[in-house]
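Report on one structure; see the data block that follows.
The values are calculated or read from the model by the stated rules, or taken from the named source; none is laboratory data. Not measured: the values here are computed from a predicted model. In this analysis, Cβ positions are derived from the backbone assuming ideal geometry, glycine residues included, and neighbour counts consider all displayed protein chains.
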Amino acid sequence: MVDAILNESLSATIHRLPRRNRYAVASIRDQDALEASPLSDLLVFVDPDFDAEELRGTFPLIGVAASDAGSNALRAALERLNKLGSLPDVPVVRLQEAALTKGAELVAQVLEGGLGRLSRHVANANTELATLRRERETLFENYRALENAFHARNWDTVSEVFGHGPFIDPKDQGLAALLCESGITQLFPISSYAVSGFALHFRELPKDKTGRLVATLDYVESSEGIAEWLIPYGSIAQGWNFFSLPKACDGSPRTLRLRISASGGRPPELSLGHVITNERYAAQALVPHADLDMRPLALRIFTGLPGARPMALPNVFAPSTVISGRKVEDYRLPVELLRAVANVSLTPVEPSFPTVRFLELEDAIVCHPLSEGITAGAVRRVVAPGTARISARAVIDHPDGKPGTVGLMLVPLSTNIRKEIAALADGRALPPTALFSGWMEITAAQPVDINFMLETPTSRTMDLVVLSKAATDSVDFAWLKIFNFRLVKYLERSPVREVANA
Amino acid sequence: MRDTPQDLVAIAVPLYGHAALVIEALESALASVTDCRLAVVVSVDGDPHHEVFDQLTLHAAAHPEVHVIFGENAGPGGARNRAIDYILDELPEAKAIYFLDADNRVLPGTVETLYRRLRASKAGWVYTNIDTFSVNWRAHYGNSYSRLIHCISDNICDTGSMISIDVFRSGVRFEEDRQNGFEDWEFWLSAVERGFVGEPCHDTAFEYRLRAESRFKEANRDRSASMSFLRRRHKALFRRPTLVGFEHEEAPRYALIRTGEGMLDVFTDPTLPAGQMSFDEAVQAFWGNVGEPDNVHFPPFVAACSSETLQLLARSRLLPNILCHLETLAERCNVVSVELSNVVSQRSIEWEILPSGAQQGPADLTFVSTDLIRNVINDDALDWFSSIGRDQTWPTSARLKVSFPFPKARQRRSLIRPEQALLNLVSALTTSPLRPTASTRWTWRPRRLPALSELYKLLRTELGGSPVLPLAHHAGPHRTAAVLVPNASFGGAEKVAYAAGRELRQNGFETHLFVLGSGRMEVIDEFDQAFDHLHFWKDGVPAWGASGQFLGQDFITDEHGLDWTGLKGLLSGFDLIVNNHVMAAHPLMAQFRSAGTRTACYLHVVDETAFKRPAGQPFAAIAFEHAYDAFLTCSEQLKSYLHSFGVPFGKIFAVPNGAGFSIDAKLRAEVTEARKAGRGSEPLRLLYMGRLDRQKGIDRLHDTLVQLKERDIAFEARAVGGEILSDDPSSSWMTRLRDISVEVAPPVFAAKDIAAHLAWADILVMPSRWEGAPLMIAEAQQLGCVPMATAVGAVDELVVDGQDGVLIKNAADAQIVVEMARTIAILARDRATLGRLAEGALATAAQRSWSASFADFIAWSDAIVPTAPTQRNAASSKPAGDDPTGETALFVRAVA
């Protein structure tokens, strides 16, 4: 706002935008003379008997007088202001009647221009200062922790600080479907400080190992993300599996929150522990599930050197992504949005059946490839700024379905989608604003998981386009369905707010 | 573009002494990620560092959402109030205020998370746990908010909380008196007093900078003075009914298993709607309380009985008192059994302690402490405990025998014994799958709150009493009055106290009778409905004590070894206490009075020792004159007497005694007709009613009757009363009276029996040596029986000689005997005069009523305003009305 004011001519600014803060004081005796001056919007007029207990929105940097009487009265009033304690001595400038306007304009220019530049500079410096001070605190704390460890000759690479063993209840239904549909959240029952890893227990592994387990760890109080693990089902061992953090948690002790979900086929079966009384620390899911009633995940938590695998644990998973303090939002695309899919196919073929449509009962988009061109369905405005990953599962839902290829594309809202599809069809490079996952081959025998990871999170809202095309000469029964759309969004810190009473 | 404007949240930053840190606070606030609009109001509290001015001038210029107030130094409370007033004036659309101290920081999501929670919860404020930095310290402040903990334990909410603007609109502000180091705690208590409650939020936190020395530390050094300040300033919160009400809703003291219903009632006040727990929930709460006692509550006492027994107890008006006895006994032995008996004419509570291995029959109610259950489970002693369901009980036990008149309706018999219901619960707890994991605490922040199930002990400490009477404020603007009596037989002093209770009840008080020093009470139909609750406390309350002397008279001092905690637990928190001759209660009155109770002392008679030294209750009371707001006397004479000892007239209400029973219109008409008709020349009927002892002048009566016989006056005489027999039967007054043909009848107490005697007699002879203002005179007059009494005490205020009775001048015994015989002889001859006197007595009685007698006292007590915090509906910001339904029940949350 200060910039806006400074970019306009002074008089226009003053008359257009009444100021909330006032920087100059004058005596009420000079009010008539000064009110018409360029200074008027910056002035607070004070009575000689002025005895306020507080000043609201007033920063008296300078006193202005248009008469001797006004000057004396102002000085008396400023004397009284000393009791507020915080105010510095305020210089009083006596403006001569003959050059009142010019003098006032000069004062206003100094106040507005100088103050604007200084405040802008200081604001930046302050932001930097706050960050530096916070970093220094963490450095100090970590330095001391290292020093303590050194003196204590604490060379243990890793030690378990909490453990809650698995408990298999014969009545358990299993969590596999839940992991695919919504995911599970588990709070850690110890402080985050110095945690370097955790282990989860899997009691059963699937035969079909297509799919990934997605685990994210963040802090509850600040929602800051720590790390994300994308673990192919095939890497998971029966029993305990160790998830290593990129570094031991530092800073203020906070509550750690683990979110686990799966993308793909039937995931490995996570083990739950015994029942506990504190329901806040029981595993939670958006969808009610009988197994979770008062039971946390079987869980072990470790401190020590990051990356060091605890003895007797068969494997270690390093994070796929270090989120470094960003807030992570992992969500599934609502069905209502998929319902609005529009056919934007680019093909000379005119099929006798709808190739792109939403299947109500299956919550899936059909994108049947054609023998020529690209079949495409666009879902408008569903990719929010900050999206870093989109995943979905695709299947050719007919035993005799011919193979095809499938892909996802993101395009800015203002883009002509068919033009981008044409570029893809021609093998031309897409403009930098459009993002393409690449083609994946798919057969009726095997569903595929599309994991579209963006190099940098999107900076604007975009359209999502599902694409398919033929892989062979025939597309008979190639009923390609795409479903289970899942987006991961990183939220940056810059606040976007309206300003109160600005 | 948004269709609706975003909510405005104000962040108030008081600033003094943190010039070098405030920028961090402001930067953290401005970095908030929220859907709300933010306004940051910095209230500079006369900070002498000009650096503050420079910083804020530049900061406010760069950030239009930053508002700055420079003010005179007014302390933290004053600075915050200045910010509040600014926000209410200049930012009226603000929905909430978050207080951020200038040396603290918020996390990016703090404001948004807290504001969302505030909106969803409808609480007055939302607070977080505390995580400090610089000096690391953490505190977990519980999974649910408790007003009880907040009042009597510690401040559990930092000012770094999101506070609804409604709190400030209701007038709540910070205390500006800097002598009080707990201005933040005081603020929350003000909000609680206005009916607001807090809500914890564990999903976010703020960054609390803690240095080696802090204002909090400084305040804690003078904690006792600050606590006294809080108690004085918030009397309404620290009163027993308020605190018990909080306990009832937040940490109920009792769990009651209703046999055969599979549910537990949880409550403290048995007269309020109870919360309910299933067995499953009870098991979870029990084990939750073991591992996380600050988060999960399980009542510290468990009882079992049938619904029918519970209803019976509720209708007995004794239940709160029974619970007090049960608490006390459960702390002296393992198990307490209650045995109920139907006795029409009496209420009583008696108990006996039985050793291990005692034989006892089935109980109507069984009561144990939860500590015992824990020990049984930990020590694997279920077999030992199970013997409570058999004939021979191995745990030590107490048997509480409660007698009272049962209602006429037939009670259903329960087919499941309460002992078995209790055993079922203990078995369920023992075998629960939660048991193996219960000892692990999952909440990682350290516990800072007391165990919820121990709060009843903190409450005892707070009130200085044990056990604490489990009665809370009840719906509506009811004031509460406690009438204290030392015994509850058929004496006149008790009846007058009952009459006082009846008048108070008729004038809107919830009335409680405390029989202190006795465990029984005779049922007197006339006054049986005068009290809403009846309480007995026998042990440790002596009728008389002499640990100090005042004007040579005995009084009880604080050093006396009586059961002070028992009395304080029972008696604290009433709006009015009328002490009717309970000597042991005098030393407590000043404490009750300073806590907001109005105190009154009811006195009836100045006694005499054998050496005729004036003695008795008035002197024990006058020693505590300053502790009473009012005195009640039965006569103008006693009023003057008290005044002569320094009690101002303005504090004394002379309440003329009325009759101890009332008669219906039919009986009154019959009696009037009979008296008018007269009995011709039939022998005169003389009646004496009362103890056959020296005070009542039984020797004078004997001699008078002998003289009448000698003078050959025809009369029939009847003496109704008892005497303390000596070893020598010849000295018995009963024998001696019978020897002169007097019909001697045992004492009667029922109104109809007394009325029958009085209706029979022509003259009631009362040759007492000393009296107060005997009720018997008024009772005789209302039946047209002419009272003939020695003019002692305030008798002359009840009898106008020659108009509605006969006064015999107090003189030597011989003179009195002669005068009485002479007067009776005259009336025996002059039946017309006797008839006029009878009519005069009836006329006097017709004008006399207890309501008229108590009118001035009732007018005084009408000015008593109940001291209670505002009740506010949970789902609205408006104070609740009188309707007790629904909303009250909503407050009773599950204890798990």
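Residue check, B:Gly561 against (1) surrounded by fewer than 18 Cβ atoms within 10 Å (Cβ to Cβ); (2) more than 27 Å from B:Ser466 (Cβ to Cβ); (3) out of contact with any Phe, Trp or Tyr (no Cβ under 8 Å at 6 or more places or on another chain), all met but one. Which one?
Unmet for B:Gly561, out of (1) surrounded by fewer than 18 Cβ atoms within 10 Å (Cβ to Cβ); (2) more than 27 Å from B:Ser466 (Cβ to Cβ); (3) out of contact with any Phe, Trp or Tyr (no Cβ under 8 Å at 6 or more places or on another chain): (2).
Do the conditions hold for B:Val338, that is, is it over 21 Å from B:Ala381 (Cβ atoms), outside any strand (DSSP E or B), away from chain A (no Cβ under 14 Å) and β-branched (Val, Ile, Thr)?
On the way: over 21 Å from B:Ala381 (Cβ atoms): yes; outside any strand (DSSP E or B): no; away from chain A (no Cβ under 14 Å): yes; β-branched (Val, Ile, Thr): yes.
Considered against the rule, which asks whether it is over 21 Å from B:Ala381 (Cβ atoms), outside any strand (DSSP E or B), away from chain A (no Cβ under 14 Å) and β-branched (Val, Ile, Thr), B:Val338 comes out as no.
Can you spot a residue in segment A:100-123 that is touching a residue at least 24 places away in the same chain (Cβ under 8 Å), over 30 Å from A:Ala33 (Cα atoms) and within 11 Å of chain B (Cβ to nearest Cβ)?
yes
Does any residue of segment B:654-670 turn out to be touching a strand residue (DSSP E or B) at 6+ places or on another chain (Cβ under 8 Å) and either in a loop (DSSP other than H, G, I, E, B) or in contact (Cβ under 8 Å) with a residue 40 or more places away in the chain (or both)?
First pass over segment B:654-670, keeping only residues touching a strand residue (DSSP E or B) at 6+ places or on another chain (Cβ under 8 Å): B:654-655.
Checking the rest, the ones that are also either in a loop (DSSP other than H, G, I, E, B) or in contact (Cβ under 8 Å) with a residue 40 or more places away in the chain (or both) come to B:655.
The answer is yes, given that some residue of segment B:654-670 is touching a strand residue (DSSP E or B) at 6+ places or on another chain (Cβ under 8 Å) and either in a loop (DSSP other than H, G, I, E, B) or in contact (Cβ under 8 Å) with a residue 40 or more places away in the chain (or both).
Each row is one residue, and each column tells you yes or no for (1) part of a loop (DSSP other than H, G, I, E, B); (2) small (Gly, Ala, Ser); (3) surrounded by 20 or more Cβ atoms within 10 Å (Cβ to Cβ).
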site: B:Leu148; (1), (2), (3): no, no, yes
site: B:Arg173; (1), (2), (3): yes, no, no
site: B:Gly181; (1), (2), (3): yes, yes, yes
site: B:Ala212; (1), (2), (3): yes, yes, no
site: B:Phe216; (1), (2), (3): no, no, no
site: B:Lys235; (1), (2), (3): yes, no, no
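Quickly run through segment B:414-446 and pick out the residues that are over 37 Å from the mean Cα position of the chain (by Cα) and within 30 Å of A:Arg254 (Cβ to Cβ). Can you show your working first?
Filtering segment B:414-446 for residues over 37 Å from the mean Cα position of the chain (by Cα) gives B:430-445.
Of everything in segment B:414-446, those that are over 37 Å from the mean Cα position of the chain (by Cα) and within 30 Å of A:Arg254 (Cβ to Cβ) turn out to be B:Leu434, B:Pro436, B:Thr437, B:Ala438, B:Ser439, B:Thr440, B:Arg441, B:Trp442, B:Thr443, B:Trp444, B:Arg445.
Would you check if B:Ala61 is facing another protein chain (nearest Cβ under 7 Å), part of a helix (DSSP H, G or I) and surrounded by 23 or more Cβ atoms within 10 Å (Cβ to Cβ)?
Details: facing another protein chain (nearest Cβ under 7 Å): yes; part of a helix (DSSP H, G or I): yes; surrounded by 23 or more Cβ atoms within 10 Å (Cβ to Cβ): yes.
The answer is yes for B:Ala61.
Looking at segment A:229-252, can you tell me whether even one residue there is touching a His at 6+ places or on another chain (Cβ under 9 Å) and within 12 Å of another protein chain (Cβ to nearest Cβ)?
no
Considering only segment A:358-378, I want to know if a residue exists there that is under 19 Å from A:Ser345 (Cβ atoms) and loosely packed, with under 14 Cβ neighbours inside 10 Å. Spell out the reasoning first.
Just the residues of segment A:358-378 that are under 19 Å from A:Ser345 (Cβ atoms), to begin with: A:358-359, A:364-378.
Okay, now just the ones that are also loosely packed, with under 14 Cβ neighbours inside 10 Å, so A:372.
Yes: segment A:358-378 contains one or more residues that are under 19 Å from A:Ser345 (Cβ atoms) and loosely packed, with under 14 Cβ neighbours inside 10 Å.
Would you mention how many residues in segment A:39-72 are modelled with pLDDT under 90, away from chain B (no Cβ under 14 Å), farther than 21 Å from B:Thr57 by Cα and crowded, with 17+ Cβ neighbours inside 10 Å?
Residues meeting the conditions: 0.
Scan segment A:78-99 for residues that are part of a helix (DSSP H, G or I) and within 14 Å of chain B (Cβ to nearest Cβ) and report the count.
Step one: of segment A:78-99, the residues part of a helix (DSSP H, G or I) are A:78-84, A:97-99.
Retained after the next criterion (residues that are within 14 Å of chain B (Cβ to nearest Cβ)): A:78, A:80-84.
Looking only at that region, the number is 6.
Going through A:Leu333, A:Leu408, A:Leu435 one at a time, which residue ends up being at pLDDT below 90, closer than 19 Å to A:Ile482 by Cβ, out of contact with any Asp or Glu (no Cβ under 7 Å at 6 or more places or on another chain) and buried (at least 16 other Cβ atoms within 10 Å of the Cβ)? Reasoning before the result, please.
Working: A:Leu408 fails: at pLDDT below 90; A:Leu435 fails: at pLDDT below 90.
Going through A:Leu333, A:Leu408, A:Leu435 in turn, the sole match is A:Leu333.
Out of segment B:14-27, which residues are under 21 Å from A:Leu132 (Cβ atoms), more than 7 Å from chain A (Cβ to nearest Cβ) and buried (at least 20 other Cβ atoms within 10 Å of the Cβ)? Before the answer, list the steps.
Applying the first criterion (under 21 Å from A:Leu132 (Cβ atoms)) to segment B:14-27 yields B:18-27.
In the following step, the residues that additionally are more than 7 Å from chain A (Cβ to nearest Cβ) were identified as B:18-22, B:25-26.
Correct list: B:His18, B:Ala19, B:Val22, B:Ala25, B:Leu26.
Could you list, ordered by first residue, the pairs with Cβ atoms under 6 Å in which the first is in segment A:377-400 and under 11 Å from A:Ile482 (Cβ atoms) and part of a loop (DSSP other than H, G, I, E, B) and the second is among the hydrophobic types (A, V, I, L, M, F, W, C) and at pLDDT 90 or above, at least 6 apart or interchain?
So the pair list comes out as A:Asp397/A:Trp479.
Name the residue that is farthest from the other protein chains (Cβ to nearest Cβ), counting only residues in segment B:289-300 that are crowded, with 24+ Cβ neighbours inside 10 Å and out of contact with any Gly (no Cβ under 8 Å at 6 or more places or on another chain).
B:Pro299
A quick yes/no check of all residues on (1) of a type in the set (A, V, I, L, M); (2) within 13 Å of another protein chain (Cβ to nearest Cβ):
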| residue | (1), (2) |
| --- | --- |
| B:Leu91 | yes, yes |
| B:Lys95 | no, yes |
| B:Phe99 | no, no |
| B:Leu107 | yes, yes |
| B:Thr110 | no, yes |
| B:Leu114 | yes, yes |
| B:Lys122 | no, no |
| B:Val126 | yes, no |
| B:Ile130 | yes, yes |
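What are the residues in segment A:448-471 that are in a loop (DSSP other than H, G, I, E, B) and within 31 Å of the chain's Cα centre (by Cα), if any? Explain how you work it out, then say what you get.
Within segment A:448-471, the subset in a loop (DSSP other than H, G, I, E, B) is A:454-461, A:471.
Within segment A:448-471, A:Leu454, A:Glu455, A:Thr456, A:Pro457, A:Thr458, A:Ser459, A:Arg460, A:Thr461 qualify.
Has segment B:74-88 got any residue that is within 42 Å of the chain's Cα centre (by Cα) and assigned to a loop (DSSP other than H, G, I, E, B)?
Looking through segment B:74-88, at least one residue is within 42 Å of the chain's Cα centre (by Cα) and assigned to a loop (DSSP other than H, G, I, E, B).
Which of (1) buried (at least 18 other Cβ atoms within 10 Å of the Cβ); (2) of a type in the set (Phe, Trp, Tyr); (3) closer than 18 Å to B:Leu423 by Cα does B:Trp384 not meet, given it meets every other one?
Among (1) buried (at least 18 other Cβ atoms within 10 Å of the Cβ); (2) of a type in the set (Phe, Trp, Tyr); (3) closer than 18 Å to B:Leu423 by Cα, the lone unmet condition for B:Trp384 is (1).
Output yes when any residue across segment A:124-141 is more than 10 Å from chain B (Cβ to nearest Cβ), over 30 Å from A:Leu39 (Cβ atoms), surrounded by 14 or more Cβ atoms within 10 Å (Cβ to Cβ) and of a type outside the set (A, V, I, L, M, F, W, C), and no when none is.
No, there is no match, as no residue in segment A:124-141 is more than 10 Å from chain B (Cβ to nearest Cβ), over 30 Å from A:Leu39 (Cβ atoms), surrounded by 14 or more Cβ atoms within 10 Å (Cβ to Cβ) and of a type outside the set (A, V, I, L, M, F, W, C).
Please pick out the residue among B:Ala438, B:Ala381, B:Ala421, B:Ala428 that is aliphatic (A, V, I, L, M) and either over 27 Å from B:Asp280 (Cβ atoms) or in contact with a Lys or Arg (Cβ under 9 Å, 6 or more places away or on another chain) (or both). I'd like the intermediate steps shown before the answer.
Values: B:Ala438 fails: either over 27 Å from B:Asp280 (Cβ atoms) or in contact with a Lys or Arg (Cβ under 9 Å, 6 or more places away or on another chain) (or both); B:Ala381 fails: either over 27 Å from B:Asp280 (Cβ atoms) or in contact with a Lys or Arg (Cβ under 9 Å, 6 or more places away or on another chain) (or both); B:Ala428 fails: either over 27 Å from B:Asp280 (Cβ atoms) or in contact with a Lys or Arg (Cβ under 9 Å, 6 or more places away or on another chain) (or both).
Answer to the check: B:Ala421.
Just give me the residues in segment B:29-48 being farther than 19 Å from B:Asn81 by Cβ and within 7 Å of chain A (Cβ to nearest Cβ), in sequence order.
Here is the first cut: in segment B:29-48, the residues farther than 19 Å from B:Asn81 by Cβ are B:29-38, B:48.
Listed by number, the residues that qualify are B:Ala31, B:Ser32, B:Val33, B:Thr34, B:Arg37, B:Leu38, B:Pro48.
Please state which one of A:Ala308, A:Ala312 is buried (at least 16 other Cβ atoms within 10 Å of the Cβ), in the same structural domain as A:Leu256 (by TED's automatic domain parsing) and either part of a loop (DSSP other than H, G, I, E, B) or without any contact (Cβ under 8 Å) to a residue 24 or more places away in the chain (or both).
Only one candidate passes the filter, namely A:Ala308.
Please enumerate the residues belonging to segment B:189-205 that are touching a residue at least 60 places away in the same chain (Cβ under 8 Å) and of a type outside the set (Gly, Ala, Ser). Please lay out each step first, then the result.
Our first condition is that a residue be touching a residue at least 60 places away in the same chain (Cβ under 8 Å); within segment B:189-205, this holds for B:191-205.
Residues satisfying the conditions are B:Val192, B:Glu193, B:Arg194, B:Phe196, B:Val197, B:Glu199, B:Pro200, B:Cys201, B:His202, B:Asp203, B:Thr204.
Scan segment B:586-611 for residues that are out of contact with any strand residue (DSSP E or B) (no Cβ under 6 Å at 6 or more places or on another chain) and in a loop (DSSP other than H, G, I, E, B) and report the count.
Of the residues in segment B:586-611, 6 are out of contact with any strand residue (DSSP E or B) (no Cβ under 6 Å at 6 or more places or on another chain) and in a loop (DSSP other than H, G, I, E, B).
Pick from segment B:756-791 the residues that are among the small types (Gly, Ala, Ser) and part of a loop (DSSP other than H, G, I, E, B): which of them is surrounded by the fewest Cβ atoms within 10 Å (Cβ to Cβ)? Talk me through it step by step, then tell me what you get.
So in segment B:756-791, the residues among the small types (Gly, Ala, Ser) come out as B:756, B:759, B:761, B:768, B:772-773, B:778, B:780, B:784, B:789, B:791.
Imposing the further condition that a residue be part of a loop (DSSP other than H, G, I, E, B) reduces the set to B:761, B:768, B:772-773, B:784, B:791.
Working: B:Ala761: 24, B:Ser768: 23, B:Gly772: 25, B:Ala773: 26, B:Gly784: 27, B:Ala791: 16.
The qualifying residue surrounded by the fewest Cβ atoms within 10 Å (Cβ to Cβ) is B:Ala791.
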